[in-house]
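Down below is the structure, laid out as structure tokens.
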Amino acid sequence: MDSPQQDVLRRRTVTWIVSLATVGLVFDGYDLVVYGTVVPLFLRDPGQIGAVTPATAGALGSYALVGVLVGALVAGGVADLIGRRKVMLTAYAWFSVGMALTALATTTTVFGLLRFVTGIGVGALVATTGALVAEFAPAGRRNVANAITYSGVPLGSLLAALVAIVALDAIGWRGMFLLGALPLVTLFPLAILKMPESPAWLASRGRLEEARAVARRTGVDLAETAAPGAPATEPVARGRAGFAGLASRVYLLPTVLLGLLSATGLLLVYALNTWLPELMGRAGFSTNGSLAFLLVLNGGAVLGALGASRFADRFGPKPVVAASFLLGAAAIAFLTVSLPLAVLLAFVAVVGLGTSGTQILIYGFVATYYRTNVRSAGVAWCAGFGRLGGIGGPLVGGLLIASGISLTSIFYVLTALAVFGSLLALVVPTAASRAPRPRPAPAVRGTGDRRAGAAE
């Protein structure tokens, strides 16, 4: 049984980890939406970075997501080999510098290149965050902890929309991007001091002395950190690590399905966050009114995901993700109906739950699905392969708008994608049935077991 002192250490550690990780993802969300808030300016004024057509705007929006894909896939395997902490610290510095340099761009070519470079850092962060949080959060609270953390993405999106409404005219698009560089002088130095390495990862690499030392210092019980149905406390996790482990017979099918699930979710997220202001502007709303829809969209995502995550911890994330997608599909379909503004905003909030909110739940689903030595690679695959959908989001939105089809038809296309996401969630095998059978092994004891220190 955990001692009171261990409980205090655990709560303090989890608070720091979740807080730092959430703030980091706030800037991921800010990066996601800041481009969408300045697209109308680029379309109207070629004096900013050159002439920008809707098709060009869609391509520029996708360059960052190509970088996210590269960064996520590279960092996921690396984090399973060298640790979560080093990758996350590098990512904080990388994307901050990238945002600052993007603010200096004067041509579409340079702007697109720097968006790609910045995306590498964002991808590394998204790919590693879920694994770190899952390995520190208490059992039975991992989906909630991941939901709080990944709510940073829509919170950052809210922040970008709000700053654009209040200050875009005053600071211009360059000022908007410079704000995205703040983690370099705020979050990065704080994370150096307060973010420990995951003791579960240390144990999975055979570094048992370090794992026990960090566990004693942070209050973590290593017996809680295994994936469902996997060996709980093996000193060195069995099976191949990183992406090689994902390709094994145990994980291959669910990994493919989870990747497609994430791609579908992110296609919806990026299509709406990039093009919703423009779509609502074409529906007759003012510029600030159109940006307000982004506030409601991402506010609904945050509140909806936090509420749904409690059901995910109780009933499992799989049915909750499927139901969330279906709610989003129904809400998107209702956007085609002429409704009073208050009702329309309520449906937009539900769309937020069914898109960005569902993607938050998907990250929690993946982070708790895999064993320790492939967990970061699994989250990276979800974030990286999923970014193929994210890359397609701005492109699909731009092409649909450029094609001249009606707003109703565009919303029906998005509705169909949300239904497809729900079906994908339902066919993912449950984690317990896919886990390897445990091999008897010495236990790695947590902080509450005094015999661990005595035995050494």
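What follows draws every value from the coordinates through simple rules; no lab data is involved. Computed from a predicted structure; not experimentally measured. We place every Cβ from the backbone using ideal geometry, glycine too, and count neighbours over all the protein chains shown.
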Problem set entry | Estimated dipole of the chain in Debye, rounded to 20 [Cβ of Lys and Arg +1, of Asp and Glu -1, Cα centre] | 1200 debye
Seminar exercise, completed: Proxy exposure order for K318, K86 (fewest C-beta within 10 Å first) is K86, K318
For this session: Express the C-alpha Rg of the chain as a ratio against the empirical globular expectation 2.2 N^0.38 Å, rounded to two decimals.
Result: 0.96
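So what is the relative contact order for the chain, in percent, with contacts set as C-alpha pairs under 8 Å and at least six apart? Intermediate results must be reported in sequence, preceding the final value.
Working: 930 pairs, mean separation 122.7, N = 456.
Reported relative contact order: 27 percent.
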Exercise. When only C-alpha pairs under 8 Å and at least 6 residues apart count, what is the relative contact order of the stretch 94-198, in percent?
Worked result: 41 percent
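Sorted from fewest to most neighbouring beta carbons within 10 Å, what does the list T355, T37, T56 look like?
On the way: T355 35, T37 26, T56 17.
Starting with the residue having the fewest Cβ neighbours, the order is T56, T37, T355.
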Seminar exercise, completed: When E209, E135, E197 are arranged by how many other beta-carbons sit within 10 Å of their Cβ, fewest first, they go E209, E197, E135
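Starting from the Cα gyration tensor of the stretch 325-413, take the square roots of the eigenvalues, sort them a ≥ b ≥ c, and report rounded, prolate or oblate (rounded when a/c is under 1.5, otherwise prolate if a/b is larger than b/c, else oblate).
It is oblate, given that a/c is not under 1.5 and a/b is not larger than b/c.
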Problem set entry | Whole-number percent relative contact order across the stretch 328-435, with pairs defined as alpha carbons under 8 Å at least 6 apart | 40 percent
